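Contents: one structure, followed by commentary.
Throughout, read-outs are computed from the coordinates displayed, never taken from laboratory work. These numbers come from a predicted model, not from an experiment. Glycine also receives a Cβ, built like all others from the backbone with ideal geometry; neighbour counts cover every protein chain displayed.
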Amino acid sequence: MLFQSAAMCHVFFPRREPDLAPHETWEQRSGKFVLYITPQPFPDPITGEKTYSGLPFGPKARVLLANLNTIAIQKQTRTIEIANNPAKFLKDIGLTDGGNQLTVIQEQMQRLSNCVLRTFYLDEQEETGETVPIVTRTKRNQWTSQITLSEEYFKHLAEHPVPLAKTHLA
């Protein structure tokens, strides 16, 4: 059993990499829920120039986030300790490290770390919106054994966790 935040059960990451410019915002709507995902720039470690890692997408990003959510809910902390070896982490969450799995998970982790989500619920009375970075701390271009979810995201997750079977995310 994995957990997802309530808002992310209505709207979610793109199914495949969107055909957008690196800085463009991706949008998804479902009923009264609206999600914007905006990639954030960071300096290239070699050139120092502004670069983007792209948006999280696909089933691996969904499964990765749900596993991070589950660890956070179970431990009741937004700072998540994970295996300091990416292959061990994959095994811990029930994935294999064969093929390109390792590379994909590392890439999706970086993408999660470098985007900001804006979720809105639209109703007749008022529009409510929240800007939420998911991950606030990780090491760029390296695997890290500690990930910190943003305070806002963790608070929403802890207040409204939705249990999901792993098969519903893939």
Rg and Dmax [Cα atoms of segment 1-41; Å; Rg one decimal, Dmax integer]: 11.7, 36
Total formal charge among the other residues, if their Cβ is under 9 angstrom from that of GLY58, Lys/Arg +1 and Asp/Glu -1: +3
Residue-averaged [θ]222 nm for the chain, counting only DSSP H segments that reach four residues, each worth -39500 (n - 2.57): -9000 deg cm²/dmol
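Could you state the per residue volume, in Å³, of the convex hull enclosing the Cα atoms of the chain? Please list the in-between numbers first.
Numbers: hull volume 20.7 nm³, N = 170.
Spread over its residues, the Cα hull of the chain gives 122 Å³ apiece.
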Overall Cα dimensions of segment 1-88 - principal axes, largest extent first, Å: 39, 39, 21
Pairs from LYS88/LYS155; LYS32/LYS166; LYS91/LYS166 whose Cα-Cα separation, in the structure shown, is over 24 Å: LYS88/LYS155; LYS32/LYS166
Added length on full extension, which subtracts the Cα-Cα distance from 0.36 nm per residue, LYS166 to GLN74: 31.5 nm
